[in-house]
Amino acid sequence: MTEPIIELKGVSKTFGNNKVLDNIDLSIYRGDALGIIGPSGTGKSTVLRVIAGLTAPDSGEVYIQGRRRQGLIEDGDDPVGIGMVFQQAALFDSLTVEENVGFLLYQHSKLSKQRIRDLVNQRLEMVGLGGIGDRYPSELSGGMRKRVSFARAIISNPDRPQDSAEVLLYDEPTAGLDPIASTVIEDLIRELGTISGGCSTYAIVTHQDSTIRRTADRLVFLYQGKVQWQGNVNEVDTTDHPLIRQFMSGSVRGPIQVAG
């Protein structure tokens, strides 16, 4: 396999007395559709935040296209743009959809307002939401807010193509959505990898069976801060690994300790 576009080596992270990540190794390759799965509280979202450069590991190394990252994302430029879609969409309630999607361009580019509006409209159309730029997040359904956050993650400054997201990180993108809305989001994640201006490399944290099967090609299973299993998505139905068997069946009996 070719060199990873992102690689974690021996990464550990502790919050208080809780060791969330314990010496994990993880690689993402160009064109990867990686699902990061496991019980709640096992460090999945923390892995995404470490990859995104929003959280620094206590120990271990993070490599972006072969270059070691020093510090957090604001401490230097990664050789690859990384976008993140947060679980709750993380939109500014006081801003319109257009202002939310174009926020970074309005704040940190020299593009004209009209040029930014045009770029925002292009991205909104890509996620199936053309013509809603003047609405506020409170006027949107949960699924629509998720799609707005996708548009924000893939928008880029044409004057700085090096900042364009080549890797997208999705944190529970279908959480709280009904099955139909979830299917729309799952299809969109796949579709964004095939269209110009989209992103074909991504990692997705999810608990939902349909999202695991419809969006991921390869899986990493985290439990107790460690990578316990890796494999292709179709192997979850055939592996004898007890953690995977319990997790995918939803059984309360097995090696995974049930909280509460």
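Rg/Rh for the range 104-174 to two decimals, with Rh computed the Kirkwood way over all alpha-carbon pairs. Show your work: numbers first, answer last.
Numbers: Rg = 12.6 Å, Rh = 13.0 Å.
A ratio of 0.96.
Enumerate the residues in the range 214-244 having an amide nitrogen under 20 Å from the point lying 7 Å beyond the Cα of S251 toward its Cβ.
221-224, 228-230, 234-244
Which distance in nm do the two modelled labels at D77 and E125 give, with both placed 7 Å along the Cα-to-Cβ direction?
Distance between the two pseudo-spin positions: 3.0 nm.
Any lysines with Cα under 19 Å of the K226 Cα? List them, leaving off those in the same chain fewer than 8 positions away.
Reachable lysines: K9, K13, K19, K44.
If you count, for each residue, the other Cβ atoms within 10 Å and average over each peptide, how do 150-159, 76-85 line up from highest to lowest?
Working: 150-159: 20.9, 76-85: 18.6.
For the peptides 150-159, 76-85, the packing ranking is 150-159, 76-85.
P(r) for the range 39-181, please, calculated from all Cα pair distances in 10 Å bins and given in %.
11, 37, 34, 16, 2
Take the alpha-carbon positions of the chain, form their convex hull, and give its projected area averaged over all directions (one quarter of the hull surface) in nm².
Details: hull surface 58.8 nm².
That works out to 14.7 nm², a quarter of the Cα hull's surface.
Give the residues of the range 39-78 whose amide nitrogen is closer than 18 Å to a point set 7 Å from the Cα of D209 in the direction of its Cβ.
Counting only backbone N, you get 39-40.
Would you give the gap between the C-alpha center of the range 40-101 and the C-alpha center of the range 11-39, rounded to a whole Å?
13 Å
How large is the Rg to Rh ratio of the range 82-122 when both quantities use alpha carbon positions and Rh follows Kirkwood? Write out the running numbers ahead of the final one.
Values: Rg = 10.8 Å, Rh = 11.1 Å.
Over the Cα atoms of the range 82-122, Rg/Rh equals 0.98.
Could you work out the pair-distance distribution P(r) of the range 55-106 from its alpha-carbon pairs, with 10 angstrom bin width and percents rounded to whole numbers?
Reading the bins upward from 0: 19, 38, 30, 13, 0.
How high is the FRET efficiency from R68 to T194, r the C-beta distance, R0 22 Å, rounded to 0.05?
Values: r = 32 Å, r/R0 = 1.44.
E(calc), rounded to 0.05, equals 0.10.
Mind listing P(r) for the range 184-245? All alpha-carbon pairs, 5 Å bins, whole percents.
Reading upward from the zero bin: 4, 16, 25, 23, 15, 10, 5, 2, 0.
Using r as the Cβ-Cβ distance of F15 and D118, and R0 as 41 Å, what FRET efficiency do you calculate, to the nearest 0.05?
Numbers: r = 42 Å, r/R0 = 1.03.
Computed FRET efficiency for F15 and D118 comes out at 0.45.
How high is the relative contact order of the chain? Use alpha-carbon pairs under 8 Å, at least six apart in sequence, and give a whole percent.
Details: 490 pairs, mean separation 61.3, N = 260.
With pairs under 8 Å counted, the relative contact order is 24 percent.
Tell me, rounded to the nearest percent, the portion of alpha carbon pairs in the range 130-230 spaced more than 20 Å apart.
Values: 2273 of 5050 pairs.
Counting every Cα pair in the range 130-230, those more than 20 Å apart make up 45 percent.
None of the figures in this text is laboratory data; all of them are computed from the coordinates on show. Source: prediction; values computed, not measured. Glycine gets a Cβ as well: all are built from the backbone with ideal geometry, and neighbour counts include every protein chain shown.
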